[in-house]
Every structure is written in C-alpha cells, then in structure tokens.
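What follows is a set of notes on a single structure, which appears directly below.
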Amino acid sequence: MEICKTGAEHIKSLQDGRAVYIDGELVPDVTTHLAFRNSVASAASLYDFQAAPENIERMTFALDGANRRVSRGWQIPRSYAEMVERRRALTAWAERSFGFMGRSPDHLASALVGQRIGLDVFARYNEARAKAFAGYFDYASRSDLFLTYVIINPQADRSKSADQQQDRFLAAAVVDEDNEGITMRGAKMLATGGIMANEVLVTCIQPLGQGEEPYAVSFAVPLNAKGLKVLSRKSYEESAVSVFDNPLASRFDENDAILYFDDVKVPWDRVFINQNTAMCLKQFHATPAHIYQNYQAQIRLMVKMRFLLGIARRIAETNGVINFPQVKEALGNLAAQSTMVDALVHAMEVKGAMRGAYFVPDAHTLYSAQVLTQQLYPEVIKALRELAGGGLIMLPSSVADFADETLRELIGRTQRSPATSSEGRVKFFKLAWDTIGSEFASRHTQYEMFYAGANFVTKGHSFRTFDWDRCTQMIDHMLDGYTLDDELAQCRRAAE
Ligand SMILES: Cc1cc2nc3c(=O)[nH]c(=O)nc-3n(C[C@H](O)[C@H](O)[C@H](O)COP(=O)(O)OP(=O)(O)OC[C@H]3O[C@@H](n4cnc5c(N)ncnc54)[C@H](O)[C@@H]3O)c2cc1C
C-alpha cells in the first residue's frame, strides 16, 4: 500500500460508470475523453505531488483512524500555528494550477472541516443525523476523497420560491422517504469539478421558507450513484487546440455541470439534514463551514493574483512600455491590489479565534475579502486588457502556423519584442489571452464574481458579521460629549 493516495489511484477511482453527458453523448470514461482527460490528469497530479517524498510532510498529515497519511485539507487546526501549516499546504496545491482550479479537493475538505468543528450544531438538531455526518466525515477524510458540492437551486424564476416554480421538482427535492433513506428528484447547480470528484455534497445554502422543506436536505452520494446524471457544460479543453495555444484551458478546465437526480436513493447514514430549512442555513453559518470553505478560496485567489501580476509585468516588458510612468502607476495599483488579497488571508488567520478545541479564521475579515475580491477580479482583468492592447489578438492562428516554414519566417518578422524572441512573444501572449480573454478566461471572471454567491449576498454576510458596536459606540461617545442645553447656555452667557 502507498503511503498516501496517488494520482493513478484517483484516476482509477473515476472509472466507476458515472453518467456524464456532453455533446449529446454519454461519456464512457472521463479519464480518457478528449473533453476532460487533461484536466482530470491535472487534478490527479495533486495527489502525486503530495505523495512525493520531498512533499509528504508539508502536504499530508497522519489522521487518527486512517491507515495512510491524508491531505492537509482534512486537518482540523488546533492552533494558529497549525492553521498556518495547513495554509502552506493549500497554497502549494493552488500553485500547481496557478490558482485556476477552484474546486481542488481542499475546497470541500475545508467545508466539511468547518461542519465537523460545529458538530454540536448538528447534534442539537438531530442526534442520528449528527452521527451520520460524523461517520461520513471520518470516511471521507480517512479515504482522502475528492468531493465537490451543489448547494444552489437552478435559476428559473428567482422571484418565486422552489415550491412555486412551474415544476415542483425543478430543484432537487425529497420525493419519498422510507426505512432505508430518502429519494431525491430534480436538479442542482453547479458542480464545478463534478466530473473529476469522487462524491458530491448536495444541500441548499439559499435561505428557504415555509413550504420549501423538501428542498432543505444535506447528503453526500458518489458521482456514480444510480440515477445521478452529470450534465456537462461545453468543454474548453476539447476546443483548446494545443498546450502552446491554450496553456490553461488545455489543462485546467475543471468543468462545471448541472446535476440531475433521477430518483436517487440516499441511505440514512449519508443524510445529514432532512427537510429542515433552519438547519440548512445553520450548517454553513452556525458552524464555521462557510468561513473555512471560503478561506480556502481566498488562499487560492491569493496565488492566482500573483500569477495575474506576473502576466501584467510580462506584458509591460514584452511591449517595451515598462518604463512609462503611467504603466508603472498601473502596475503599482495592481501590486497593491494583489497585496491586499495576500494581507486579508493573513489577517483572517491572525484575527482568528479558538472555537472549542479548534482554531477558526476571523469571519468578518473573510467576508470583507469576499466582497472586495468579487469586485476586484474583473477590475484586474480590465487593467490587464488595458496594458496589453491588441497584442492579445495580434497572434498566429495556431501552433500549426509554426510548422510551415514560410509562415514561421513571417511570424519571425512580424512578432517582435525588446524583451524576447518572436516565438517567446507568441508563446507569452497566448498564455496572456488564456488568462484574460479566452472562453476559459471569461468563465474564470464569472467564477470569481459568483462562486461564493452574488455580490449582494456576500455584502449581506459582511453586514451581518461586522462589529458595528465598536463604531457606533464612538459616535455615541462623541454625541455624549456635548448637549444643546450646554450650547444654548453658552450663547446666553455670551449675550449677557
Ligand atoms: C463558474 C461557476 C462555478 C460555480 N460552481 C459552483 C459549485 O461548484 N457549486 C455550487 O453549488 N454552485 C456553484 N456555482 C453557483 C454559484 O454558487 C451561484 O452562481 C451563486 O450563488 C449565485 O447564484 P445564481 O447564479 O443563481 O445567481 P442569482 O442568485 O440568480 O443572482 C444573479 C443576479 O440576479 C440579481 N439578483 C438575484 N436575486 C436577487 C435578490 N434577491 N436581490 C437583488 N438582486 C438579485 C443580482 O444582480 C445577481 O447578481 C458556480 C457558479 C459559477 C458562475
């Protein structure tokens, strides 16, 4: 047996008969299909990275009850120092995809770590469901599973509740319940990484009201569960001509999919919440789950911002504009924005606190980071576009142009830079386009703006968790320092 999970083992685990559909077809094997295989390999390589002898200590830890070391994503920090140790592992994983794989396995591991810290919240709701969750956490962490989640009901008519939609089973709901478990029917959005994960956590983070109890569930099933259909979006990987032309899309297109539950049976030992709207919200907000999952996301974004800054600097060097004052100003602004993300990650750790035996990042710092970075990402992309100009488009159609000697010679004459060769210029700007403007890049802007909820939602969390008293007390203190009567008395004295 290996010392920890390997890439080969993960790839094998995905050859499990899951029902993934793309371009009108059922995919026989996601690990070899042209739409997914490179991204699946990238995800699997995370396990090889952690298994490498030089990384094993940094990336994995010995978990009680597990027969091998597992990813630090599953580690429940007992102190600030352990949280930092865990963050270093998460950072190293994010660096493997330059921050472009949002649903690397540490995302869901972080969510479940947060829920496990708040097991008391589950126990107060229902002892049997809490036992099921604790048992599942042990199973998932000890097996070093790769999970994704679907926690949003599909868009249709957002002015109506789930039970008021034309089809009551548009959003996944309990259709039946018996001694063995619950049966689910309907859809959920949006399983990022669904094609390459082992299992999916299915629940609802959107507030639900009276009448929406059948939608208020939480459970986990393997991606090959009977009746579960994975409806993939378009694959950017499949249309990426080559690594040279689309260095990111060709390898890090983690995929997003709608999941349809065609009467999927979920046994009780995998049901963590059954038809309880209040508990659905509590699992995220009365436990530190929402904080932990988004803390991981900010660590990943911190890495991605550094990558974007590298792109910005290289654009300026490649086009020979690096010494223009306005360009330095633009780069200085980007550097400050990147450092803000970095600083917020560190601040949420430094301002973190113990919750029982475990250490939890500071909630409000996390929500500040979310609000600000959702707005920041499109701004940064716009700044990169402004720096780059037409260089992102002034490119050979594909790597095949280099194979033709006449065209190669023309590329040599037309693609020039003070900083690199013609080939270097084309190679770099192809990467820049895949970062900034390709369909893959565009999906990333949508991702960073929405993966954690629309901006009005994250602003609501920021409002909820801010220490308003500390601010309003200052105002009260100021107002208490003078009165209208004192002021009038002074006026009267002055008039006498
Ligand atoms: C690339 C990508 C990957 C994703 N991956 C995942 C995933 O892995 N798992 C998962 O569960 N989800 C995932 N999501 C879904 C994500 O969580 C949702 O997109 C997000 O929560 C917003 O919900 P929505 O898309 O339904 O937008 P909506 O809630 O419909 O909001 C869209 C817009 O409508 C307006 N609006 C809607 N409601 C209101 C309101 N009440 N008040 C004011 N304005 C309103 C706002 O302008 C808002 O920005 C992903 C999304 C994207 C784009």
Go through region 98-193 and name the trypsin sites (Lys or Arg not before Pro) that are in a DSSP coil and have 12 or fewer other Cβ atoms within 10 Å of their Cβ. Arg158, Lys160
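Classify the chain as rounded, prolate or oblate, taking a ≥ b ≥ c as the square roots of the eigenvalues of its Cα gyration tensor: rounded when a/c is under 1.5, otherwise prolate if a/b is larger than b/c and oblate if not.
Oblate.
Counting alpha carbon pairs within less than 8 Å and at least 6 residues apart, what relative contact order, in whole percent, applies to region 361-493?
36 percent
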To the nearest Å, what is the center-to-center distance of region 166-233 and region 445-496, using C-alpha atoms only? 42 Å
Given the rule -39500 (n - 2.57) for each run of at least 4 DSSP H residues, summed and divided by the residues of the chain, what is its mean residue ellipticity at 222 nm, to the nearest 500 deg cm²/dmol? -16000 deg cm²/dmol
In nm, give the distance between the simple-model label positions of Ala123 and His477, each being 7 Å from the Cα along the Cα-to-Cβ direction. 4.0 nm
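Using the heavy atoms of the protein chains and a 1.4 angstrom probe, tell me the accessible area per residue for region 24-92 in square angstrom.
44 Å²
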Are there chymotrypsin sites (Phe, Trp or Tyr not before Pro) in region 1-106 that DSSP marks as loop and that have at most 12 other Cβ atoms within 10 Å, and which are they? none
Classify region 5-136 as rounded, prolate or oblate from the Cα gyration tensor: take a ≥ b ≥ c as the square roots of its eigenvalues, call it rounded if a/c is under 1.5, otherwise prolate when a/b beats b/c and oblate if not. oblate
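Could you pull out the pairs from Lys188/Lys234; Lys328/Lys459; Lys328/Lys351; Lys304/Lys382 whose alpha carbons sit more than 26 Å apart here? Let's see the in-between values first.
On the way: Lys188/Lys234 18 Å; Lys328/Lys459 32 Å; Lys328/Lys351 33 Å; Lys304/Lys382 16 Å.
In this structure, Lys328/Lys459; Lys328/Lys351 lie more than 26 Å apart at Cα.
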Spin-label point model (7 Å from Cα, Cβ direction): what's the Phe463 to Asp401 distance in nm? 5.1 nm
Which value, in Å², gives the accessible area per residue of region 287-387 when a 1.4 Å probe is used on the protein heavy atoms? 38 Å²
Non-local residues with an amide H under 5 Å from the amide H of Leu201, with H modelled 1.01 Å from N and Pro and chain starts lacking one, are Thr148, Tyr149, Val150
If R0 is 22 Å, what FRET efficiency do you get for Glu177 and Asp138 from their C-beta distance, rounded to 0.05? 0.30
Can you tell me how region 156-222 classifies by the Cα gyration tensor, rounded, prolate or oblate, using a/c under 1.5 as the rounded cut? oblate
Taking r as the C-beta separation of Leu410 and Ile322 and R0 as 22 Å, the FRET efficiency to the nearest 0.05 is 0.20
Give the carbon-plus-sulfur fraction of the accessible surface of the chain in %, rounded to a whole number; probe 1.4 Å, heavy atoms of protein chains only. 54 percent
Region 416-495, accessible area per residue, ligands and nucleic acids excluded (1.4 Å, Å²): 66 Å²
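The values are calculated or read from the model by the stated rules, or taken from the named source; none is laboratory data. Since we're looking at a predicted model, the values are computed, not measured. Positions of Cβ are backbone-derived with ideal geometry, glycine not excepted, and every protein chain shown enters the neighbour counts. These accessible areas exclude ligands, DNA and RNA; they are computed on the full protein's heavy atoms, side chains included. Shrake-Rupley method; radii C 1.70, N 1.55, O 1.52, S 1.80 Å.
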